[in-house]
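Following: one structure in C-alpha cells, then a few remarks.
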Amino acid sequence: MTSELIITSVEDLQNEINKQVKARMAYPGIYVSLNKTQKSSEDNLVKNNIKTDKLFFIDCVTSEKTREDVLHISPNDLDKLSFAINTFIKDIKGKKFLIIDALSTLLIYNSENKVAAFVKQITEFTADNDVEVIAFSPKTKGEELLNKIFNFFDKVNK
Amino acid sequence: MKTKENINFGKKSLLLFMILILMLTLIIFSIRLNRNKLTGHAIETLNSPNQTDAGIFNLKVEIPESYKNINIGKPVVFTAKVLNLANDKRVDITLKYYAIDSKDNIIFTKSETLAVETQASFVREIKLSPDTPFGDYTVKAEIIYNDNKEAESQDSFKIIKDNKSNIEIIFIVIVIVTIIFLILIFSYSRIKHFIERMELKSKIGQIVKKKMK
C-alpha cells in the first residue's frame, strides 16, 4: 500500500478528492474532513455519483452531532484524531483507505512541528497496516509544512 | 537534829521515789507508744481496702496511679509491701499474685518465694496477653507461710482503649487518604484521557460494526 500527498489548487481540490474516492469506492475508507463539514463533503461526493455508504467520516469542522455514525473531533486535538484514525484502521477489516482533506488546515490550529509529527505517526501506522493514504493540500497553503512532510509520503503529486 | 535529818531523808526518798515512778511512767508510755505505732499501721492496714492481715504478716498491694489505666498489651506494675509483725527472725514466705477479670476469672497467676525479716517491699510486673479485652481488673496477692494464707491484699486497674494507637491509626489513614487524593489529582488528566479514549474506541467499534453489516 502507498501513501500519497496530492498538492493541488484550491479550485481543483474537490475534483481531485472526488476522483480519488471514486477510484476506491469498492472498499471502505476513512474520510477526515478538515476543510468542510461532513455533510458538505458527503453532498459533494453524492452529487458526483460517488457512493458514501462505505465511508467513515471524521468531521473536524463542526462539533455539532448530526449523525450517530460520524465522529466529531476538534482539529487542535491531534492525539485524539490520530487515535480515532488508528482505531478505525484496526476495526475495519480488509482493504481500506484514508483520505485527509486537507492537511494544511491543521496549521491553523497547531504548530508545523505538531502537524509534521501527526503526519509521520499516521503514515507510519498506515504503512504498518497496509492502508492506502491520500492526503490533500491546496497549493498556496503551508508550503513550509509541505517541505517538512514530503518525506513521509511514498508519492507527492503536485 | 536527828529528827530534822530524818525529815530531810524522808523528803529525798520521796523525791527519788517520785522520780522513779516518773521514769517508770515514761518508760511504760514509751513502750506503749512504740507498740501503738506498730498497731496503728496494722489498724490502717485493716481499714484500707487493699490490705489485710490475718496473722503475723501484713500485706499491702498497690498499683501506682500511672498503671491504673493501661493500654491493651501493656504490663501492669504493682508494689507489694510485706510486714512481718512477729518481727523476730528472717523467714521465707510465698507471695502468690493473680490478675482477675471482672467476672472473677483468673487470667494470670504467679508465685514466688521471698525472704522477709521485718518488712520488705517488692515491685512486680504482670504481662497480660494482647488479646485481653478492655475492662476492669484486679491484682490480688496472698502471703502463704507454713501452708497457711497469712495475708492478702488487692488493688484494681483498667485496660482502656489505646488512644495513642487510635491517633496513630487516624494519622496513617489521613496520610494514605492524602496520598490517594494527590495521586488522583495528578493522574486525573490521565484517567480522564484514558476514559475518553475508551469511549471513543467503543463508539468507533459501534460505527464500524453498524456500517459493515
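The values are calculated or read from the model by the stated rules, or taken from the named source; none is laboratory data. Here the structure is a predicted model, which means the values were calculated and not measured. Because the Cβ atoms are built from the backbone with ideal geometry, glycine has one as well, and the counts that use them run over all protein chains shown.
Inside segment A:84-110, can you point out the residues that are of a type in the set (A, V, I, L, M), in a helix (DSSP H, G or I) and more than 14 Å from every other protein chain (Cβ to nearest Cβ)? A:LEU103, A:LEU106, A:LEU107, A:ILE108, listed by residue number. Kindly check whether there is at least one residue in segment B:157-169 that is under 22 Å from B:ASN69 (Cα atoms), part of a helix (DSSP H, G or I) and β-branched (Val, Ile, Thr). Yes, that holds for at least one residue. Could you tell me which of the residues A:VAL21, A:VAL10, A:VAL32 is within 14 Å of chain B (Cβ to nearest Cβ), more than 18 Å from B:LYS209 (Cβ to Cβ) and in contact (Cβ under 8 Å) with a residue 60 or more places away in the chain? Of the residues listed, the single one that is within 14 Å of chain B (Cβ to nearest Cβ), more than 18 Å from B:LYS209 (Cβ to Cβ) and in contact (Cβ under 8 Å) with a residue 60 or more places away in the chain is A:VAL32. Suppose the filter is at pLDDT 90 or above and not in a strand (DSSP E or B); does B:ASP88 pass it? Against the criterion (at pLDDT 90 or above and not in a strand (DSSP E or B)), B:ASP88 does not qualify. For first residues located in segment B:85-99 and closer than 11 Å to B:ILE56 by Cβ, partners that are basic (Lys, Arg) and lie 6+ apart or on another chain with Cβ distances below 6 Å do not occur. Hey, does segment B:96-114 have a residue that's crowded, with 17+ Cβ neighbours inside 10 Å, at pLDDT below 90 and over 12 Å from the mean Cα position of the chain (by Cα)? Within segment B:96-114, not a single residue is crowded, with 17+ Cβ neighbours inside 10 Å, at pLDDT below 90 and over 12 Å from the mean Cα position of the chain (by Cα).
Would you check if A:VAL21 is closer than 28 Å to A:LYS158 by Cβ, assigned to a helix (DSSP H, G or I) and in contact with a strand residue (DSSP E or B) (Cβ under 7 Å, 6 or more places away or on another chain)? The answer is yes for A:VAL21. The residue pairs whose first member lies in segment B:186-213 and is under 14 Å from A:PHE56 (Cα atoms) and facing another protein chain (nearest Cβ under 8 Å), whose second member is in a helix (DSSP H, G or I) and aromatic (Phe, Trp, Tyr), and whose beta carbons are closer than 6 Å, counting only pairs six or more residues apart or on different chains, are B:ILE204/A:PHE88. Just give me the residues in segment A:84-118 being within 11 Å of A:PRO28 (Cα to Cα), surrounded by fewer than 17 Cβ atoms within 10 Å (Cβ to Cβ) and free of Cβ contacts under 8 Å to residues at least 60 places away in the same chain, in sequence order. Matches in segment A:84-118: A:LYS93 only. Give segment A:61-76 a look and list any residue that's within 14 Å of chain B (Cβ to nearest Cβ) and under 15 Å from the mean Cα position of the chain (by Cα), or say none. Scanning segment A:61-76 gives A:VAL70, A:LEU71, A:HIS72, A:ILE73, A:SER74.
Filtering segment B:148-160 for residues that are within 14 Å of chain A (Cβ to nearest Cβ) and farther than 30 Å from A:LEU55 by Cα leaves an empty set. Regarding A:LEU5, is this residue in a strand (DSSP E or B), touching a helix residue (DSSP H, G or I) at 6+ places or on another chain (Cβ under 8 Å), away from chain B (no Cβ under 14 Å) and surrounded by 17 or more Cβ atoms within 10 Å (Cβ to Cβ)? Yes, satisfied. Exactly one condition in (1) surrounded by fewer than 17 Cβ atoms within 10 Å (Cβ to Cβ); (2) outside any helix (DSSP H, G or I); (3) within 14 Å of chain B (Cβ to nearest Cβ) is false for A:ASN49; which is it? Looking at each condition in turn, A:ASN49 falls short on (3).
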